[in-house]
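Everything below concerns the one structure shown next.
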Amino acid sequence: MEHGGDIYTNRGIELDFSVNLNPLGPPEEVRSALQSMLDASACYPDPHCRELRHALARKLEVPEEWVLCGNGASELLLAAAQAIRPAKVLIPVPTYQGYERAAAAAGAETIFHQLMEENGFEITDDIWQDIEALPAGSLLFVCNPNNPVGNCIREDLLQKIAEKCRSAGVYLLVDECYLELLPDEAARSMRHYLPRNPYLLIVRAFTKTYAMPGARLGYLMASDQALIEKIHLQQPEWSVSMFAQKAGLAALSLDGTTNAYLASARDLIREERACVCQRLRDLGAEVYDGEAGFVLFSCSRELYEPLRESGILIRRCDSMRGLEHADGRPQGADGRPQDVDGRPHFYRIGLRGHGDNTRLMDRIQELLLR
């Protein structure tokens, strides 16, 4: 599996657009909290993350017992799948590849629901038949907004899916890792349905919202206390470092009555997304509608290597399940689609500040118009 942010393999990168983080970078409060913890590194962290869970519960308006912290969202996805042990897992694709990894680690049979390009890779009512075929105890992963597309599931459809899963005894895990960087996130979140749906799980991450992937901090919410305990048993002791816990508390301290940091990030994403999408469309690229701080587009030219040689890293998505055959290209021996008759390549770019985004667009323009 190829992931973004691999600056270790790709040495000499000046601008990394392959990751999808808050474009403002970590807030000063988080930086200060991490620096202040150097002397405390000789102590074990709280294995139950009590102070952090208390702060999260207060912010989210859910019982503290419904919150479980982990070493990033990826650990919690694996732990949840291991705890549920579903016979079958349904994954709409294209989407985050970690769901497939979690299903495989749990030994589940994985069913892929192909999202159609003509629908902008949006989850539609077409998924209903696949959900109805799932036996009780199965697991459905959905990402809202979805990665790599950046689009959201219709609110009425997501609520219908959650109700169907509840009545059928199918677990629904909603990945909301990118939701806090969208307007009206509180109204869009599925956490309000937790009290009435013991089969609903929600995963979020400080990684994306506060641009702190190196600290590795995520959390899961569910109203089934027994399930929370089972998931916790899949985690190693001291899963969340003291550094991550303090960084999370510092990030939550920003919330108060208004969070100027997140409000600024949302404004920046909205403005920069509009600019970047328009420039890509003006260059003849196919841009897929969305709201998140990253953009999926396709074009007929190979961009990844020439951009990398220029010190710019983007996310190549051609080999991502659900996109690898979306344009009908045959695959080569390396598993990547071959160039045939100018058919498109798929890329995802995470938005940064205006200057960086302009530099990327200028370089793409040079490549596409030469």
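Taken over the C-alpha atoms, the chain has Rg and Dmax values of 20.4, 60 angstrom. Assign one of three labels to the stretch 114-253, namely rounded, prolate or oblate, based on the Cα gyration tensor with a ≥ b ≥ c the square roots of its eigenvalues; rounded applies when a/c is under 1.5, prolate when it is not and a/b is larger than b/c, and oblate otherwise. Oblate is the answer for the stretch 114-253, as a/c is 1.5 or above yet b/c matches or exceeds a/b.
Computed from the Cβ-Cβ distance with R0 of 56 Å, the FRET efficiency linking Leu369 to Gln225 stands at 0.45. Stretching the chain fully between Glu65 and Ile111 yields a gain of 13.4 nm (0.36 nm per residue, less the alpha carbon separation). With 26 Å as the limit, the listed pairs Lys59/Lys246; Lys59/Lys164; Lys88/Lys246 have Lys59/Lys164; Lys88/Lys246 beyond it between alpha carbons.
Relative to the Cα centre, the charge distribution of the stretch 95-187, modelled as +1 at Lys and Arg Cβ and -1 at Asp and Glu Cβ, gives a dipole magnitude of about 360 debye.
Between Asp46 and Glu309, what FRET efficiency follows from the Cβ-Cβ distance if R0 is 51 Å, with the result rounded to 0.05? The pair Asp46/Glu309 has a calculated efficiency of 0.65.
When the surface is traced with a 1.4 Å probe over the full set of protein chains, Asp318 keeps roughly 10 Å² accessible.
Taken as Cα centroids, the stretch 238-268 and the stretch 30-109 sit 16 Å apart, rounded to the nearest whole angstrom. In the chain, the portion of solvent-accessible area held by carbon and sulfur atoms comes to 48 percent [1.4 Å probe, whole percent, DNA, RNA and ligands not counted]. Count Lys and Arg as plus one, Asp and Glu as minus one, and take only other residues whose Cβ is under 11 Å from that of Ala222; the net charge is then -1.
Once all protein chains are placed together, Thr110 keeps about 40 Å² accessible to a 1.4 angstrom probe.
Summary value for the chain: 25 percent relative contact order, contacts being C-alpha pairs under 8 angstrom separated by 6+ residues. For Leu227, the solvent-accessible surface computed with a 1.4 Å probe is close to 10 Å², ligands and nucleic acids excluded. Lacking any other cysteine beta-carbon closer than 4.7 Å, the following Cys residues of the chain have no compatible partner: Cys43, Cys143, Cys152, Cys165, Cys177, Cys275, Cys277, Cys299, Cys317. Suppose the Debye formula is applied to equal point scatterers at every Cα of the stretch 35-74; what is log10 I(q)/I(0) at q = 0.24, 0.34 Å⁻¹? Cα-only, vacuum Debye calculation for the stretch 35-74: -0.87, -1.09.
Within the chain, the whole DSSP H helices whose Cα atoms reach 30 Å or more along their own axis and whose mean Kyte-Doolittle score is at least -0.5 are 260-282.
In this simple spin-label model, placing a label point 7 Å from the Cα along the Cα-to-Cβ direction at both Arg196 and Asp289 gives a separation of 2.8 nm. If you wrap the tightest convex hull around every Cα atom of the stretch 20-169 and split its volume per residue, you get 153 Å³.
The charge dipole of the chain, taken about its Cα centre with unit charges on the Cβ atoms of Lys, Arg (+1), Asp and Glu (-1) only, comes to about 440 debye.
Summing charges over all other residues whose Cβ lies under 12 Å from the Cβ of Arg204, with Lys and Arg as +1 and Asp and Glu as -1, gives -1. Rolling a 1.4 Å probe over the heavy atoms of the protein chains gives the chain an accessible area of 43 Å² per residue. Straightening the chain between Glu14 and Asp362 buys 123.7 nm, computed as 0.36 nm per residue apart minus the Cα-Cα spacing. Annotation: the antiparallel percentage among DSSP beta bridges lying fully within the chain is about 50. So what's the Cα pair-distance distribution over the stretch 1-91, bin width 5 Å, in %? Distribution as computed: 2, 9, 11, 15, 19, 18, 15, 8, 3, 0 percent. As a ratio to 2.2 N^0.38 Å, the alpha-carbon radius of gyration for the stretch 189-299 is 1.39.
The values are calculated or read from the model by the stated rules, or taken from the named source; none is laboratory data. Just so you know, these numbers come straight off a predicted model, no measurement behind them. As a convention, Cβ positions derive from the backbone with ideal geometry for all residues, glycine included, and neighbour counts pool all protein chains shown. Heads up: the accessible areas ignore ligands, DNA and RNA and are worked out on the full protein's heavy atoms, side chains in. Shrake-Rupley method; radii C 1.70, N 1.55, O 1.52, S 1.80 Å.
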